[in-house]
Each structure stands twice: as C-alpha cells, then as structure tokens.
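Peer 1: My questions will all concern the structure given below.
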Amino acid sequence: MQLVQKKQKEVTHKRSLGEWVFDGAVFAICLLIFLSIVYPLYFVVIASISNSTLVSTGQVTIFPKDISFFGYSEIFKDQRIWTGYGNTILYTVLGTAVNLLFTLPAAYVLSRQEFRARRFIMFAFVVTLFFGGGLIPTYLLMKDLHMLNTMWVFILPFSVNVYNLIIARSFFESSIPKELYEAAAMDGCSHFRYFGSVVLPLSKAIVSVIGLYYLVAHWNDFFTGLIYIRSNDLQPLQIVLRDILLSNQVFSQGAGSGGAAGGYAQQYADQVKYGVIIVSTLPILLVYPFLQKYFDKGVMIGSVKG
Amino acid sequence: MGKRLAILAILTLGAGLLSGCGGSEEGSGESAQTTPDGKVKLTAIMTKHPLTQEFSKMKWLQEAEERAGVEIEWQEVSADWGQKKGALLAGGDIPDLIIGPNAITDADYAQFPGLFEDLTPLIESGAPNVQTMFGEKPETKAISTQLDGKIYGLPKYQRFWPETTTRQFINKQWLDNLGLKAPTNWDELYEVLVAFKEKDANGNGDANDEIPMDFAPSGTGGFGPFMPTVLLGSQGITLTDNAGQGYFVEDGQVKNFFTDERYKDLVAFLHKCYAAGLINTEVFTQDYTKYQSVARGSGDTAAVGFTWGWEVTDRVGNTLAPQYESLAPLKENAASSDPLSWTYDYNSLNYGVNMVSLASTSKNKEAAVKFINELYDPKVSMQVLFGSLGTNIKDNGDGTYAVLPPGDKAMDPGTWKWTTTWADNGPMYIADSLKLELGTDMQSVGAQTEPLKAALDGIDKEKDVLPSIFIKYSVEDNNTMTLNNTSMLSLTLSKWAEWITKGGVEEQWDGYVDSVKKTGIDQNIEIIQKYYDDYMSKN
Amino acid sequence: MVPKNPYEHPVNLRAYKRKKPTVLNTFRRDYQLWIMIFPAIVVIFIFNYIPMYGIQLAFRDYNFAKGLTGGEWRGLFYFNQFFESYQFADLMKNTIVISLSTVVLSFPAPIILALLINQLRWKRAKKALQTTVYLPHFISIVVMVGLLNVLLSPNSGVIGHLLQSMGLGDVNLLGSTSTFVPVYVLSEIWQHCGWNSIIYLAALSTVDPQLYDASKIDGASRWQTIRNIEIPALIPTIIILFVLSMGSVLSTGFEKIFLMQNSLNLPVSEVISTYVYKIGIVSNQFSYSAAIGLFNTLINFFFLYTMNLVARKTSETSLW
C-alpha cells in the first residue's frame, strides 16, 4: 500500500481508444438519463405558470402558454405560509440535530465488535421497523407525555430512525479501518474521544447522507402536524401547503354536492398544484450542493491526512 | 468532544421530556372558563370546505357567538379529517363542539359510546329553534335519532336544492350545424353521436377533434354523479343519490343493478358506442379535472357533444355554455313504453346528518346549546348557507331577502358562496316559509332541470326511492355491508370498464352474476330490505 | 493484480480475548459505549416499544369504554375473516407482483447510476447530473400521479404521443392491466433512483484514491477497476440494503397505487393497503385492519429474518 503512494505522481495519463469509447458511452447514457429526468421537472415549472386547461389537454409541452402567476399569488396570499416556513425550519434544524446526536453515537457503538449486547440490541431495534402498536396507542402515549400540540412532538418521538442507524452502523463497520482504534486505544484514547476526533471526521460522507435523510424527512413530514397539532401557530409548512393544494382540487368531488365551485378556479387548479411543489422544495434544494462535496471521490482519506 | 456529545444528548432528551411535561395545558374544554367580559369560552372543530375563508372574517358568525354569549376557539379543518378523527376520538379529548357534514358518523357514535352528549333534554330546555325544525319537518328529527333513541348529532335542511345532481347536456350548435334533431332515445342518440364523430360538427375544419360523448370518470369506490348510469332511468330504474353501489328500490323491492339484465343492456349499448369511437377513449383514466378541462374546448370551438354535469357553465365554461342545451331523459328505443326515470338526489342534496355534535365532557353545555340554537335561527341559517347580510344577502326590508351577486367579479356565485361562508357544510334550517330570492347559479340550475321535470315528477317517492339518508344501520350490519361492498365493487367496477372498452358482456354475464353473488350482494340486499321495510312501516 | 481492499481485514480482537469477560467486567469496560447508546435505547423503548401493546387489537374487538386492551378476545377471528374474504387471493397476488417487481427492478438501479456518475470524467457534467437526479424525490405523490396522468395520456400526453409515433400507440398506459405494473415500477425508479444512489455515492467516496492509481499502474481497464475496486467497496452497503428491502416483500405504498387506480386497471391494482383503506374508511374496522397489518408484518419480518440469516452465513455483513 505505502509503496503505491510513492508511484502516484509517476503515473502518466494516456487514454487508449477503449477509454475513449468507454467515456463516450458513459457520457451518452448519462445524457439520456439527464434528459429523461429534466424534462418532467421542467414541465412542472412551466405548468406552474401556464393555463391549467391548456396543461391538462396537452397543449403545453415546451413553452409555457397563457402565462400567469395566479398559482403563486394564491399560495402566498395565505399568511399562514410564513408561519409554516418558520416552524418547519425550526423543526427541521432542531430535529435533525437531535437525530444525529442520538443516532450516530448509537451507530458507532453497534459497530463495535466487542460490544457484547450489540446483536441483541440490534435485533430489538430492527423489530421496531416492523412491529408497531399503531396510531391509537401512539397517540395516547403522546397525550400522556403531554406532547400533544407542542413542538416537541416533531422532534423527540422517533428521533432514532432504525433504518438510518443501520446504514450508519454498516458504514462505520466497513469503512473505518479497525487498526485505527487499536492504535488509538494503545495511546489511552477513550471511545468518546475516538468517536469525536477520529470516526466522525472520517465519516463526513455518511454523516451528510444521514443528515440529509433526516432533514428531508422532517421537511416533508406532514403526518405529525395532522395528527398531533391543533394550533395553527404550530403547523408546519407541509400542512399549510396541503390545505392550499386541496382547496384548489375540490372540484374532483363533483360540483353538485360540492357546490358549483366551477369555472373560476378550474382554470388555475393545476397551477397551484405544481406551484406548491416548487414552493415547498426550493429551500431544501439549496442544501444539497453544500453536502454534495462530501461525496466526492477520496474525500475521506484526504481528511485523515489533512 | 465525544463525551460532550453524549452528555449533551442526554441533557437534550431530559430537557425535552421535561419541557414537554411543562406544557400541559392543551386548551381543551376541560375547565370552565370565561372571558373578562363574561363570555363563556368554548372550543370547536369545524370540517370546512377548503375554499372557505377564516372564520374570524365571517360577520354573521361573530354576531351569533355574541348573541349566545360565547367566545369560540375554532380549529378549522379542511383536509384529512378522516385520519385525524380516529386518533382524536380514541384519545378521548375532544373539543366542546364538532361541526361539519357527517363529521361524526353514526358508526362513530356507536363505536365511542359516552363521548358525545345526548341532546334530547338540552334541546327541550334550551333550543327552541331546533324544536321548531323538528316540529315543521319531522323527518329532521327522524334522521337525527339513533337506533337507541338518542340524539347525538343535529341535521340540516337546506330546501332550495334541486331533485337531482346530474343534468344532461347536448351541443345544440352541433346539432344545428349538421341539421339534426335532438335525440329522444338511445338509437337516435347513437345516430347523432356517429354524425358528431364523422362530420366536422364544430365547423373548425378538422373532422376528427370532436368527442361525441364524455362522462365523469367512474372511480374505484362506486358510481357518482355525471355518469351514464343515469341512462338506467330509460329502463325504469330510479337511482337514488347516484346509487354509487348499485342499490335501488323498485316497487318496494330492494335490488342491485349490477346483477340486473337492464344494466347488461346499458353496458352493451355503451360498448357499441365505445367500439364505434363515440366515447372519449380516456373516459376511465382521466381525472375529474381533465374531464372538466376537455369540455372547455379551445376558444369558442367546443370539444364535447353529449355529456352530463351539474350546471352548464360549470360543465363547459362561460364561453361555450350558450352552445349547449339541457336534454330530457332518453327512451331506450322508439317503441319502449317503460316509464322514464332519472337519478333522484333530493334527499342527499337537501338534508344532511350529524352536522353538529356536543362533547359529553364539555363543562359549558348550556352555553354550547345556546350557540347551536343560534345556528338554527332562520335568519342565521340563511347566512350560514349564503353569507352575511349586507355583503352576501340583501335585506329588502319587507321580510324578504335576496342573494347578492359575488363581491369579487372574477368569481362565479358558487365559488363566492363557498369562499365567504360555511355554505352547505354548516348546520342550518332553511324554513319553507323563508322568502329568499336565489342567486343566478341556483336559478340556472333550476332552469336546466326543467327538461327532467316530467321524469322526476313521475317517480313514485314511496315505492321507488331508497331513502338511504334516513336509515340508520346497526354497527354489525354496517360492517358486514362495508366488507361485502368493498369486494363487490372491486369486481363489478372493473367489469364495467372492461366490458365497455373491450366488450364481452353477453358472453360473460352468467359467470359474472355468480361471482357477484359470492361477494355477499344478496346478504346486503337482505339487510337493506329489512331496514327499508322497517323505515317505511314507521313513516 | 489489484490489491485487496485494506479495510477488509478480519477484526482483531486479541485485546479482548485475553480473559473471559464477566458481565460486570464487560460493563465496566464498555461503560462509555453504554452511555453513547443510552439515548437511542430510551427513545426507541418509549416511542416504539411502549405503544406495542396495541398489537393486541388484531385479536380483540375495539372497545372504547374499556380501552385498547379491554375488548372481547376474538383470537384469530379477524385473520380468518381476511383469509376467507372473496378478494384474498387477488389481493395477495397483486401485492406480491407489485412489490417484488419494485424490489427486483428498483434495487439495482441506484447502484448502476452511482457507478455511472462516478465514471463521468467531465466534472461539470457530473455535478449537474448529480444535482438533477435526486430532485424527483421531492415531488409529492399527488403531483407525481398528476404528472403521470398528463404525460402518459394517449390523446394529449408527450410520452403518449412519443409511443404512438414509435408505433406502440393504441395502448392506454394509464388504463390497462398489462401496463399498470410497468408504469408504477418505472415511475418509482424515475422518482427515487437518484435519491437512493446518494448512499452508494457516499460509499464510493470512501475508496482510497491510491487504489485507483495502483490499478492504473497495473494497466487495469476501467471496467476492471469498477469490478475489482468499486463494486467491492459497495458490497457491504448493498447487502444491508438488500436485506432491508426483503422486509418489504408484502408492502406496497398506499397513496400512489390508490391514486393510480381506475376501473380499468383495478384487477391488478387492488392491493392489501388499498383494500384496508377502503374497508376502514367507512366504518371503523380497527381490529380487522390491525389483523391484516399484523399478517403483513409477520410475512415481511419472516423474509427479512431469513435473508439476514443467509447474509450472515455467506458474508460478514448482517443486520444483527
């Protein structure tokens, strides 16, 4: 291993014909994937500013038609949306912090072969992925803990996601060199210190992934708000947006018994539908580029050396 | 660092739990509270329509609360009530009042005994307006009374709604363009539709962009309004409330059309149309939004020839509406002597059950009933339905009233009503004696119902109408029926779509009827018949 | 040839093997570990284990007055009700077809995508692709199904037209028993493949750059590099995720299938979760839904358990 490192700089770069073909093929496939993903996304954007009737009859394909921003004005007209944004950001940041704080040390512990309870605990944790008491006992529990209608219900319950825990654990198991701990232990390094100053810095990639998973789960969580929150001041963004979304989809019930809520909003129904996606997703999209750099090749080793 | 992390983690958990425990006041109606100016504080949930504005902006509601001496903390729910309700009821801490159309169902009252208050004594002591309703319209009392004789939820009666949800429209301009007469039976309809298809009926130079016939997508949960099942009326079947699950009454006998020969004929006719390309090919896959969009055509070029809807401007938009006319029910064929019928929805459009319920844990029952009584006041009820006096309703000063046109010019009257007030979702009693002139939307609904009038009037309300809304089933029977219906609909609705698009109804019919019987349809018919007979013998 | 991944050395437990540890000893030795895992244990115990008494509901009637545990004991009544119901066979068949094809097809997709992205040489293209592929994940199910309806519509959809021009027209992709599963699975892949590839990209990022250089010196082709360096680096993650995915052989999403259902595709699209919704929505069939849920869970857990056993026997990676 160490010898290889020396030779690193001597490698001269020469691409053979095979390499060119390979790269070309990779690029072509990637381009195809890119286009097939981008078009529907682009469609969402143009549909959010086009006349909904034209959208649903297939007349909007490449350029927006009959442009109006009614959908967005309808969304932002609702003052609750700003409270919603504020709440969601608070729950997401605080919640993700608690998640990581609880999950990562536990994952580390379960990755230690010498920890004798690991198999039992792991099994006990995995069981919860499958067996649950259902909504009613959980609701009663939250009631007994006095968490109903408080922000804590977004943060503490289920703050350890077993699925994420398993992913983090297996990453620690397979990617952190075992020798590192032996060396550290010989220097009298405690688990706390080893975890904090060796494992975590080596695991930026997985911390980012798990962090992202938690972040997005909090951001998209609307069920908690729906079941456990009564006060409008505590509702997260997703609840507000769902209300707005549904208030513009009412016609699907049939105008008769739903009241003749017809022509007026019909024209804009889909604008709101697609606009909601953009409004709710944009902020979280801004996070990804910051995390992305941790997935680059060789980041981990670089951070050890540096 | 690691140590600090761990300690921090434990601290956070502890602190979180503690502070969770600290905030124990959940604002339910557990303690009797009054405001500084002596008003009683109540809590309430209302399942409102998503379009409806915030309650604090409704003048009539503020006034009603004022008069009742209460101040209500509202929780306005417009989505996912079903999911929310289960946990709320099982948790047992409900607000003083729960308001909304069938927000708490008969099954809920049975499933959660003791959670809701029997209103009978409270109505006698403190709700004269409710007593008036029960006196003038005895059926309102009947639909509120559970099998055990108790009244947990109060109904609504909104009087003005038509006898049917579904109206039948044909593009008159297309008929004129092609020199055709409006069809009077299925065979003529077929001829007309073929002409719509083959010729350039809308006159835009393209003979292929006409959709001769379109109907609302039949979902997977049963039939609804605007579907071709209304054509069963041509064979004398009277559907009630759209007969979503196929049950209907004929001469006092409960039946289900899914196993009826006449239904087979209808499916065969529709397949003939579909195979000839006369029905929108997306009729089973489009959603309701698309169904509506397609009919709006482009500019003043219409796209659809023959269809069903609530009201013509709602169905095809303001621009195209003048091209269409409302069409009378069709006969099956020229020689047919079956009495024509239609779907009779008067009960479900005008009555509603369980519009308001009171928690038995409420500490302020008298005050709550006082507020309920306000809602059933004739003048308040009118405002519940159409909006506040002044902005939505004009007081003519001579004891008569008129619904005003929308304050927002961009809105149609229906949308305006739903935006500004509780509308059909509120508890109300619109007395038959109230003198109120309706808005343009309701007037045109009335006018477009005219061609159906003869058929609707001809329906024997005693023997051919299934009064579903007035019938209360026991929990066991209700459960049995739900299980059977889920299986039955899964089978029948997919066959319905398959036969119309691909054909095969004639060959498969007998085997199909046997399968449907296996899903328990006869058991359901038996149950319904028992309750129906029981209901008819009492009324 | 290419050197072996240095991290695959078996664990060196020498330090712990010297004396036979007693419970007390190990506890004293590992107290730091216990502290670190304590919050997770507490949280899982409180929020996952305490409510588990609710499982009883599958064997009891629901009785509001007496509480969840007070209803009349019905034993396997509700299970039998499900097994004997008219739709049981169809529901099982549809559920298995949909969930198995989803697992089989959508499991390898993100692995391939991650490897592909990793092979892209042009840095900017790589970044652009990486940031695009995960975006569809954020589209809510309601909008996703709306999008499918618009794009796949045979009369007016872009993809509908595309297929028609390729001579594959005349099939209504939205309303056919033969296209429902493909459309469902492919749209699942489209939506979640990029998001699911993130974990594999993260795993790839841990490969020591020296290994790449070494393989280059050895004259390994790009294909060999993928096979000998990158795939081995992904194996532990693949095994874990595969075992976990086996735990969902009998679970399909609810909302998407429900929204995609129409009377034409109903014969293949009615699954257990939509059935439970339909019976539960009208009357409060708490016990019946609970029984069906528990049956589902047991089957899923059985598959996960078996798969985990296989994984533990054949590789060093397993869940527990």
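The values are calculated or read from the model by the stated rules, or taken from the named source; none is laboratory data. Just so you know, these numbers come straight off a predicted model, no measurement behind them. All Cβ positions, glycine included, derive from the backbone under ideal geometry; neighbour counts span all protein chains shown. Side chains included, ligands, DNA and RNA excluded: accessible areas come from the protein's heavy atoms. Shrake-Rupley method; radii C 1.70, N 1.55, O 1.52, S 1.80 Å.
Peer 1: Treating only the Cα positions of chain C as identical point scatterers, give the base-10 log of I(q)/I(0) from the Debye formula at each q in 0.08, 0.12 Å⁻¹.
Peer 2: Normalising to I(0) and taking log10 leaves -0.57, -1.11.
Peer 1: Remind me, relative contact order of chain C in percent, using alpha carbon pairs under 8 angstrom and six or more residues apart?
Peer 2: After rounding, I find 26 percent.
Peer 1: Follow-up question, since we're still on this one. Where in the range A:131-155 does the amide nitrogen come within less than 13 Å of the point 7 Å from the Cα of C:M52, taken along Cα to Cβ?
Peer 2: Under cut-off, by backbone N: A:131-134.
Peer 1: Treating cross-link reach as a plain straight distance, find the aspartates and glutamates whose alpha-carbon is under 18 Å from the alpha-carbon of C:K216, omitting any fewer than eight places away in the same chain.
Peer 2: A:E10, A:E19, A:D23, C:D208, C:E230
Peer 1: Once the dipole of the range B:161-221 is set up with Lys and Arg at +1 and Asp and Glu at -1 on Cβ about the Cα centre, which of B:L189, B:A216, B:Q168 lies farthest towards its positive end?
Peer 2: About the Cα centre, the residue reaching furthest to the positive side is B:Q168.
Peer 1: Next question, about the same structure. Among the helices of chain C (complete DSSP H runs), which have Cα atoms covering no less than 20 Å along the helix axis and a Kyte-Doolittle mean of at least 0.5?
Peer 2: C:88-106, C:180-204, C:231-246, C:286-314
Peer 1: Could you work out the mean count of beta carbons from other protein chains within 10 Å of each residue's beta carbon in B:423-433?
Peer 2: 1
Peer 1: Calculate how many DSSP beta bridges within the protein assembly as shown are antiparallel, expressed in % of all such bridges and rounded to the nearest 5. Working shown, then result.
Peer 2: Values: 26 of 47 bridges.
Of all bridge pairs located within the protein assembly as shown, approximately 55 percent are antiparallel.
Peer 1: Please compute the net charge surrounding A:V126, taking Lys and Arg as +1 and Asp and Glu as -1 over other residues with Cβ under 15 Å from its Cβ.
Peer 2: Residues close to A:V126 contribute a combined charge of +4.
Peer 1: Let me ask something additional. Would you mind calculating the relative contact order of the range B:90-184 from Cα pairs under 8 angstrom and at least 6 residues apart, reporting the percent as a whole number?
Peer 2: It comes to 19 percent, rounded to a whole number.
Peer 1: Give the average, rounded to an integer, of partner chain Cβ atoms located within 10 angstrom of each Cβ in C:52-65.
Peer 2: Working: counts 8, 3, 11, 5, 2, 4, 1, 0, 0, 0, 4, 2, 10, 4.
Other-chain Cβ atoms within 10 Å of each residue's Cβ, averaged: 4.
Peer 1: Follow-up. With an 8 Å Cα cut-off and a minimum separation of 6 or more residues, compute the relative contact order for chain B in percent.
Peer 2: Once normalised by length, the contact order is 23 percent.
Peer 1: Using label points projected 7 Å from each Cα along Cα→Cβ, tell me how many nm separate B:K272 and B:L438, to one decimal.
Peer 2: A separation of 3.6 nm, rounded to one decimal place.
Peer 1: A further question on this structure: About its Cα centre, what dipole magnitude does the range A:52-148 give when the only charges are +1 on Lys and Arg Cβ and -1 on Asp and Glu Cβ, stated in debye to the nearest 20?
Peer 2: Once rounded to the nearest 20, the dipole reads 420 debye.
Peer 1: What order do you get for A:229-239, A:50-60 when each peptide is scored by the mean count of other beta carbon atoms within 10 Å, highest first?
Peer 2: So the peptides A:229-239, A:50-60, ranked by packing, come out A:50-60, A:229-239.
Peer 1: Could you give the size of the charge dipole of the range B:431-503 about its Cα centre, using +1 on the Cβ of each K and R and -1 on the Cβ of each D and E, expressed in debye and rounded to the nearest 20?
Peer 2: Result for the range B:431-503 is approximately 260 debye, rounded to the nearest 20.
Peer 1: Something else now. How crowded by other chains is B:472-482, given as the mean number of beta carbons from other chains within 10 Å of each beta carbon?
Peer 2: Taking the mean over all residues of the peptide, I get 2.
Peer 1: Kindly report, to the nearest 10 Å², the accessible surface of C:T179 as traced by a 1.4 Å probe over protein heavy atoms only.
Peer 2: 20 Å²
Peer 1: Continuing with this model, one more query. Given labels modelled 7 Å from the Cα in the Cβ direction, how far is it in nm from B:N204 to B:E124?
Peer 2: 6.7 nm
Peer 1: Of C:T69, C:L115, C:F254, whose Cα points farthest to the positive end of the dipole of chain C (charges on the beta-carbon: +1 Lys, Arg; -1 Asp, Glu; origin at the Cα centre)?
Peer 2: C:L115
Peer 1: With labels modelled as points extended 7 Å from the Cα through the Cβ direction, what inter-label distance (nm, one decimal) is found for B:E76 paired with B:D93?
Peer 2: 2.5 nm
Peer 1: Right, something else. Just subtract the alpha-carbon distance of B:E462 and B:A335 from 0.36 nm times their residue separation and send over the number in nm, one decimal.
Peer 2: Taking 0.36 nm per residue and subtracting the Cα distance, the gain is 42.9 nm.
Peer 1: Going through the cross-link list B:K156/B:K331; B:K264/B:K517; A:K204/C:K123; B:K331/B:K461; B:K39/B:K435; B:K57/B:K370, which pairs have a Cα-Cα distance over 24 Å in this structure?
Peer 2: Over 24 Å Cα-Cα: B:K156/B:K331; B:K39/B:K435.
Peer 1: Mind checking the per residue accessible area of the range A:99-140 for me, 1.4 Å probe, whole number of Å²?
Peer 2: On the way: 1260 Å² over 42 residues.
In whole numbers, the range A:99-140 has 30 Å² accessible per residue.
Peer 1: What helices does chain B hold that run 24 Å or longer along their axis, going by alpha-carbon atoms, with a Kyte-Doolittle average of 1.6 or more, using DSSP H for the helix calls?
Peer 2: Values: long enough: B:2-22 (30 Å, 1.32); B:475-502 (39 Å, -0.38); B:521-538 (26 Å, -0.95).
In chain B, no H run is both long and hydrophobic enough.
Peer 1: Given +1 on the Cβ of Lys and Arg, -1 on the Cβ of Asp and Glu, and no further charges, what dipole in debye does the range C:82-168 carry about its Cα centre, rounded to the nearest 20?
Peer 2: Once rounded to the nearest 20, the dipole reads 780 debye.
Peer 1: May I pose another question? Under 19 Å between alpha carbons, and skipping anything fewer than 8 positions from B:K379 in its own chain: which aspartates and glutamates qualify?
Peer 2: Answer for B:K379, where 19 Å is the Cα cut-off: B:E63, B:E65, B:E66, B:E136, B:D395, B:D398, B:D424, B:D432, B:E437, listed by chain and number.
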